Amino acid sequence: MIKKRDILSFSMLYYKELRRFNKVVIQTVLTPLITSSLYLLIFGISLGKNIHLLGDIPYLAFIIPGLVMMGVLNNAYQNSSTSIISGKFSGDLQDLKITPLGDHQIIWALALGGLTRGLIVGGITFFVGQIFYYQIYDKFLLIVHPLYLVIFVIIGGLSFAVMGLCVAFWARTFDQLSAISSFILTPLIYLGGVFFTLENLHPTWQALSKFNPLLYLINGVRLGILGQSDVSLNSALVVSFGFFLFVYFIALRSLQKASFSRW
Amino acid sequence: MAPPLKVQNLVKNYNKVQAVKNVSFELQPGEIFGLLGPNGAGKTSIISCIVTLETPNEGLIEVFGHDVTQQAKAAKYKMGFVPQELIHHGFFSAEEILEIHSGYYCIVNNRERIHYLLNELGLWEHKDKKVRQLSGGMKRRLLVAKALVHEPRLLLLDEPTAGVDIELRESLWKFVCELKKEGVSVLLTTHYLEEAEELCQRVGVLSHGRLIKLGETHDLITELTHRRVSFSLKNSLKKIHHELKTEELNNRHIFNIPYTKSIEELFNELSLGLGDVTDLKIQEGSLEDAFRYLLVEDMEENK
């Protein structure tokens, strides 16, 4: 049973997470804003003119959901992993262990902290995308299924924030942390259909992509905004929720086993 | 009533190294208990197990009757912990850190307590500074304030005066004594044995992970050390022989006598009266002497 005390201590950790990324707003919000604007400008507008997808969806409209979700996932992951890693450096990570915060409170506070930052960046990306879209097509991109959009953005943001927590607790050096990011996450995000549809891929890669959970998360958002997707709604929902439960379980195990000591 | 802290048959291993070997002790309500030992003796490992930073391999730890492994939350509300190493908290000010820390203990409006602690620990003027801007001594005081935001009944201090100047040490101990008066029980580890002697009613001495001695500080001193008595004789030609005499320098006779023997007895055995001597000096044994004795004894036993 959830007690009032648990909610209070969880709220304080969540509040601390918000304050933390708010204090370095250039790094946490403005940098991703510039990055996504550049992506929209280069891929969506300049190169996008020469890319023709099946159906009548312009390429700019196609990549907006992908970039929104990429912003959400990257930032959710970054937020929780840097929070834990900086705690390992400064030594204040042990506060989470010695105070009455429980494992579930820690996971949910960091997950929501990451999701919040992800939503801000995703929202800004969507806003910038709309400006570009309006300039070219003289109209705004309408959201076809807002509920699906909300569901996939939330479940994706939470999953990636929890994953950031797992990796940061697991990592014993900066090398290990950046290795996970460079060799696993970035390829999975880029191969998860941010910039292309499955139809553009060789059949072997198409088959392999089906094992990438990010494909379902990104296409879930695309389904929400455009009403079109490479995967069915049901499979996107099952994989996304399954992925969240999986990373949540790993996070619980990490917190039980991990060291909260200073690096 | 359950004791503030009960450690029973505690064992802690790091890989193949046994850092804590079957250690047992209890704290009594409102006492300051010193856990002493050289570096690597297992002091921090024991404290880490108490505050749940480490999991014991064997044994039981209870804080006011709450098992720290089974009822960790209940135990955590009752204790405060000041770690040995400084914490930097890059993003936040001193006051913000205390507010956040209060929140972890589910205390929402804790301003009064926070201001009290900031004042008591001399941090009031620095409350708006980022923690990284504080000096080492201020950071140390902030750690003490953090440990006390939730008014714990058990305070664990892991070498709180390491690298701290004399003035701050004195003010810190004064504050700890005030807490003791309020009924807070304190477990402290320190390398400054003079401080431990002055503050602690009881001490436990650790060596290589084992608790080699546990008892009242005063009893340990009287049991394990000698009084050093020295005097000069008015009649400098008089010869004195006694089994406890250790030295004679320029008509100054020096004796090491056990606490079981009174100075009166010594004088009687020497057939001397107070009128026969000048410049009588009595130097009491110290906890440091007792500590050294124990460590040497332990080393010889384990040769």
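Any read-out appearing in this document is the output of simple, stated calculations on the displayed coordinates, not a laboratory observation. Given the structure is predicted, the values throughout are model-derived calculations rather than measurements. We place every Cβ from the backbone using ideal geometry, glycine too, and count neighbours over all the protein chains shown.
Computed values, structure above
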{"item": "Environment charge at residue B:35 (Cβ cut-off 12 Å; Lys +1, Arg +1, Asp -1, Glu -1)", "result": "+1"}
{"item": "Spatial separation of Cα centroids for the stretch B:236-267 and the stretch A:200-246, in angstrom", "result": "92"}
{"item": "Cα-based helix-to-principal-axis angle, B:287-301 vs chain B, degrees rounded to 10", "result": "90"}
{"item": "Distance from the stretch A:1-77 to the stretch B:65-127 (C-alpha centre basis), Å", "result": "34"}
{"item": "Ranking of A:25, A:150 by count of other Cβ atoms within 10 Å, fewest first", "result": "A:25, A:150"}
{"item": "The stretch A:4-257: relative contact order as a whole-number percent, Cα under 8 Å and 6+ apart", "result": "26"}
{"item": "Calculated FRET efficiency for the pair residue A:104/residue A:41, C-beta based, R₀ 60 Å, to 0.05", "result": "0.90"}
{"item": "Shape call, the stretch A:4-257: gyration tensor on alpha carbons, a/c limit 1.5", "result": "prolate"}
{"item": "Cα point-scatterer Debye curve for the protein assembly as shown, base-10 log of I(q)/I(0) at q = 0.08, 0.12 Å⁻¹", "result": "-0.67, -1.11"}
{"item": "Dipole of chain B, positive end: most advanced residue of B:294, B:260, B:15 [Cβ charges, Cα centre]", "result": "B:15"}
{"item": "Kyte-Doolittle mean at least -0.5, axial Cα span of 24 Å or more - DSSP H helices of chain A", "result": "A:59-90, A:103-137, A:146-170, A:233-257"}
{"item": "Degrees, to the nearest 10: B:111-120 long Cα axis against longest axis of chain B", "result": "30"}
{"item": "Footprinting exposure proxy for A:243, A:140, A:62 (fewest neighbouring C-beta atoms within 10 Å first)", "result": "A:140, A:243, A:62"}
{"item": "Additional length obtainable on full extension of the chain from residue A:211 to residue A:34, 0.36 nm per residue less Cα span", "result": "60.6 nm"}
{"item": "Unit charges on C-beta of K, R, D, E only; dipole of the stretch B:117-170, Debye", "result": "320"}
{"item": "Dimensionless Rg over Rh [the stretch B:130-195; C-alpha; Kirkwood]", "result": "0.95"}
{"item": "Above-threshold pairs, the threshold being 22 Å between Cα atoms, out of B:129/B:174; B:78/B:181; A:3/A:23; B:21/B:174; A:49/A:139; A:4/B:139", "result": "B:129/B:174; A:3/A:23; B:21/B:174; A:4/B:139"}
{"item": "Under 27 Å from residue B:261, Cα to Cα: lysines that are on another chain or at least 8 residues apart", "result": "B:213, B:234, B:238, B:239, B:245, B:281"}
{"item": "Local electrostatic count at residue B:296 - Lys and Arg +1, Asp and Glu -1, tallied over other residues with Cβ under 14 Å", "result": "-3"}
{"item": "Cα-based reach from residue B:16 at 15 Å (exclusive), listing aspartates and glutamates while leaving out same-chain residues under 8 positions away", "result": "B:58"}
{"item": "Cβ-defined net charge surrounding residue A:231, 13 Å radius [Lys, Arg +1; Asp, Glu -1]", "result": "0"}
{"item": "Pairwise FRET efficiency - residue A:7 versus residue B:242, Cβ, R0 = 56 Å, nearest 0.05", "result": "0.15"}
{"item": "Relative contact order for chain B, counting Cα pairs under 8 Å that sit 6 or more residues apart, in percent", "result": "20"}
{"item": "For the stretch A:12-91, size of Cβ-based charge dipole, Lys and Arg +1, Asp and Glu -1, in debye", "result": "400"}
{"item": "Charge dipole of the stretch A:4-257 about the Cα centre (unit charges at C-beta), most positive-ward option of A:91, A:45, A:125", "result": "A:91"}
{"item": "Helix-derived mean residue ellipticity, 222 nm - over chain B, DSSP H n ≥ 4, -39500 (n - 2.57), to 500", "result": "-10000 deg cm²/dmol"}
{"item": "Subset of B:43/B:73; A:97/B:76; B:6/B:76 violating a 18 Å alpha-carbon distance limit", "result": "B:43/B:73"}
{"item": "Value of relative contact order over the stretch A:1-73, rounded to a whole percent, pairs C-alpha under 8 Å and six or more apart", "result": "22"}
{"item": "Label-reachable residues, the stretch A:243-263, where backbone N falls under 20 Å from a point 7 Å from residue B:13's Cα toward its Cβ", "result": "A:257-259"}
{"item": "Student exercise, chain A dipole from Lys, Arg, Asp, Glu Cβ charges, in Debye to nearest 20", "result": "820"}
{"item": "Cβ-based exposure ranking for B:85, B:31, in which fewest neighbours within 10 Å come first", "result": "B:85, B:31"}
{"item": "Efficiency of FRET between residue B:194 and residue A:179 - r from beta-carbon atoms, R0 51 angstrom, step 0.05", "result": "0.50"}
